[in-house]
Amino acid sequence: MSEVMARRFSNTLVAFAAILSVAVHTLLSPTQLHSFPPSNGELPNVYSICAPPESRPSGFLSQLPWTSTTLEIGPSHIHTLSGERDDLATVSCLRIENGRVAAHQTQEEAQALCQSDPLIQIWTRKNSPCRIYQVPKGSAVLPGLHDAHGHVLDLGWSRTAADLVGSKSVAEIISRLEDYVRSSPEHLADESRWVEGLGWDQSKFKPPIFPRASDFATSELLRARNVALRRIDVHALWLSPAALRQVTQLPDFPAPRVDVPGGLVVRDDSTKEPTGILIDNAMNFAYRAMPRVSDAQRQVQLEAAAKSILSVGLTNVGDAAVDRESIAFLKRAAESGRLPFRLYAFLACPPENRTCEPPQQLINYADRLTVRTVKLFADGALGSWGSAMLEPYNDHKGERGLLLIPEHEIKPLIHTWVERGWQVATHAIGDRANKLVLDAYESLVARSDNERDLRLRVEHAQVMRVEDITRFAELGVIASMQPTHCTSDMGYVETRIGHDRAKGAYAWKSLLNANASLAFGSDFPVEDPNPFHGIYSAITRLDSSGNSPAGSGGWFSEERVSRLEALLGFTVDTAYAQFEEGRRGGTLAVGAAADFVVIDRDIMDEDRVSPAQLRETKVLATVIDSRIAWQSSNV
C-alpha cells in the first residue's frame, strides 16, 4: 500500500472511530447531554451546565503522527472567579438549583447526580428528568459581567437619536442629520419636533474648533428646526439657531459677561452673542426648553437599552446619574418585571439643589433595583476643556476648566450625603478635581469610626497627579474607570495637557500596584457598552485597529493590565464597588446567583485568542438568576 493510500485509510479510520465513539457515548450515557443554550430558550429550575473537555484522538490513534491534530478542537472552560484574585477557579460543571449555584462538579459528578436506571433509558429512549447542558466546544462561561458606570435610559435614547459618532466635519454632521430627518416620518410630519443627536467631537474637525449655530444655515431642511446635539462626552450641547432663540428667551438666561456657575455659554469674541455651544451646567437651559420625557418614552428607552446591554453579556449595570422621576419609573419597572437586568442606580440631584430630598433607599428591590448612591459632579470633561486642572491646558491659553461645584462647597456637600447614609460617587476628571475630591474624602475617613463601610468612589479619575494615585489605596477610595475612554481620547490628550501630566492619565496599573480598588465600566452611550471592547482597551491601550500615538505597543504601555485584572474589573471589583460581593458578587461561587454569560471563545486563553480576537468576542447567551435573559440567534 502506498504512503498516500495509507494516510487516507488512517484518516478514514480516525473519522469512523470518532463517529462510533459519539454513537456509543450517546447510547450508553446515563443522561443525554443537551446543547446550551437550548433552542427554546427555556431552562428548568435544576440543571447542570458543563464545559466539554478537549476533543482529540485517543489510544493507538493518537500515536499516528498525521492524526495528532486531525480532530483537535479547543477546550471549553467555566471560569468561576471564586478563588484567590490570581486564580480563575476553573471548573468542569456548575450545578444550578433555583437560581443559585449549588455546586461545582466534575463531568462524572454531574452524570452521577442525574443518573437514573441506564437500561430503562437505553430501551425506552426516555431522558432523565435531570438536565445536563453542554456549552459549545471552544466557548467559555464567565460570571455575569458588570458595568460600573453607564447611563441606561440615555443609551436607549441614543438608539433613536441621530448617530454622529465618528463625524470628521460639520458638513458630514449636517449630511447625517438631513438623512436622519428624511428617514423619520415623525420629523417630516412635524417641523416643530426637536431633532436630537449624539456623538460630535470637535477634536476630529480640521481645525479642531467648536461648531456654531450658524453652521445650520447651509441646510434648507434644518435651518428652521430646533436641533440639539450632544457632544460625545455629553458635556456640551450644540444648538441650531431656532433652538438657541428658544433658550436665550428664558427669563434667567445669562447676559453677556455673566458667569454660569459650573458651566459656560460660549460667546463670539467680538459680538459677545452666544455661538450655540453650551457647556456643562449651562446645558440645563436647553433641557428646560425641550419637551419633558414621559414614562412611555422611558419604557421605549429601557427596552432599547436592555437589548444592547444583555446582548453583550452584561447582567449588572451601574446607572450613574438618575433623576428622581426616572428612579420612580425604574422602581415601577422592577415591580412589574420589566427590568430584565440588575440595576444599581445613582441618584442625581439638579445642580441648583444638590442636597435634594432623596427617595427611599432600595436594596435589591424586586431582585433587580438598588438605590443607595448619590452622584456628584466636581468638574466637566477633558474633550470640551471642562475638566478642572491645576495648571492651564496646553492647547487653550489660560483655561483651567470648570468646577461644577464651588470649591468651598465640595467637602460639606459630600459630608451631608454621607451623614444621610448614602454612598457618594463623585465625577472627577481633571487633576484639580481629583485632588479636591480626595481631600474631601480624606477628611471623612479621618473622622470615621472605622465601623462605617463608606466605599467612597471617584467616577472616571482620568487625570491625576502621580502623588494622588497612592491616596486611593490609603483612603480606601474606589476608582471607577472606563478603559475605552483612554483609547478614544489618547489621540489628543498629550496635545491638551502635555506628556508629563499624561503620565497620570488613565493610570490603571499604577492604581492596582498601589493596592487600590479598580472598578471598570464604559460610560455608555459615550462609549459602546460592549465589555470586551473595554477589556481589549485595558490590556492593550490600542484603538480598534491596533494603533496608538505611541505605536503598536500601546499608549503609556506600562499602564496596561493583565487579562485577569481586566476581567476582575468588570466582575468582582465592580460588585465590591456596589456592596454586592457575595450573592451577586461577580463570581460563580457556590451560593452565588446563577448570573453568567456564555461566549464563543475563551478570552483567558492567550495562546488561542489574541487581543484583536478577544475584542471580537460574541455572546451566545446571557443568564440571570439561572434564566436566559438573552441568546444569540446564530447559535
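Side notes on the structure shown:
- Residues that are part of a helix (DSSP H, G or I) and crowded, with 24+ Cβ neighbours inside 10 Å, drawn from segment 553-567: A566, L567
- Taken together, the criteria exclude G138 from residues that are free of Cβ contacts under 8 Å to residues at least 60 places away in the same chain and on the phi > 0 side of the Ramachandran plot.
- Boolean, I173 is more than 25 Å from the chain's Cα centre (by Cα) and in contact (Cβ under 8 Å) with a residue 60 or more places away in the chain: no
- Filtering segment 329-340 to residues that are out of contact with any helix residue (DSSP H, G or I) (no Cβ under 9 Å at 6 or more places or on another chain) and part of a helix (DSSP H, G or I) leaves K331, A334, E335.
- Annotation note: of H533, H499, H485, the sole residue that is in contact with a Ser or Thr (Cβ under 6 Å, 6 or more places away or on another chain), part of a helix (DSSP H, G or I) and not hydrophobic (A, V, I, L, M, F, W, C) is H533.
- Test: residue in segment 558-573 that is farther than 25 Å from T370 by Cα and more than 19 Å from the chain's Cα centre (by Cα): yes
- Of all residues in segment 573-601 being crowded, with 24+ Cβ neighbours inside 10 Å and either among the acidic types (D, E) or assigned by TED's automatic domain parsing to the domain that holds N98 (or both), the one that is farthest from S48 (Cα to Cα): D573
- One residue alone among V46, V22 is at pLDDT 50 or above and among the aliphatic types (A, V, I, L, M), and that residue is V46.
- Among residues of segment 56-91, those that are crowded, with 17+ Cβ neighbours inside 10 Å, modelled with pLDDT under 95, not hydrophobic (A, V, I, L, M, F, W, C) and not in a loop (DSSP other than H, G, I, E, B), counted: 1
- Residue that is surrounded by the fewest Cβ atoms within 10 Å (Cβ to Cβ) [pool: residues in segment 160-218 that are small (G, A, S), in contact with a Gly (Cβ under 8 Å, 6 or more places away or on another chain) and under 14 Å from A228 (Cα atoms)]: S214
- T271 being surrounded by fewer than 15 Cβ atoms within 10 Å (Cβ to Cβ) and either in contact (Cβ under 8 Å) with a residue 60 or more places away in the chain or outside any strand (DSSP E or B) (or both): yes
- Test result for V437, in a strand (DSSP E or B), closer than 30 Å to D500 by Cβ and touching a Ser or Thr at 6+ places or on another chain (Cβ under 9 Å): no
- Residue list for segment 489-528, restricted to those being of a type in the set (S, T, Y) and without any contact (Cβ under 8 Å) to a residue 60 or more places away in the chain: Y506, S510
- Evaluation of E581 against the conditions (1) modelled with pLDDT of 95 or more; (2) part of a loop (DSSP other than H, G, I, E, B); (3) under 21 Å from V91 (Cβ atoms) shows that the sole unmet condition is (1).
- Taken over segment 290-307, residues that are out of contact with any Gly (no Cβ under 6 Å at 6 or more places or on another chain) and surrounded by fewer than 20 Cβ atoms within 10 Å (Cβ to Cβ) amount to 12.
- Within segment 183-200, residues that are in a loop (DSSP other than H, G, I, E, B) reach partners that are among the aliphatic types (A, V, I, L, M) with beta carbons closer than 8 Å, at six or more positions or on different chains, in the pairs E191/A224; W194/V227; W194/A228; W194/A243; W194/M290.
- Which numbered condition P256 fails, given (1) at pLDDT below 95; (2) part of a helix (DSSP H, G or I): (2)
- Selected residue (criterion: farthest from G156 (Cα to Cα)) from residues of segment 201-225 that are in contact (Cβ under 8 Å) with a residue 60 or more places away in the chain and part of a loop (DSSP other than H, G, I, E, B): P208
- Number of positions in segment 233-253 that are part of a loop (DSSP other than H, G, I, E, B) and surrounded by fewer than 16 Cβ atoms within 10 Å (Cβ to Cβ): 4
The values are calculated or read from the model by the stated rules, or taken from the named source; none is laboratory data. Quick caveat: nothing in here was measured; it's all calculated off a predicted structure. Ideal geometry is used to build each Cβ from the backbone, glycine not excepted, and the neighbour counts take in all protein chains shown.
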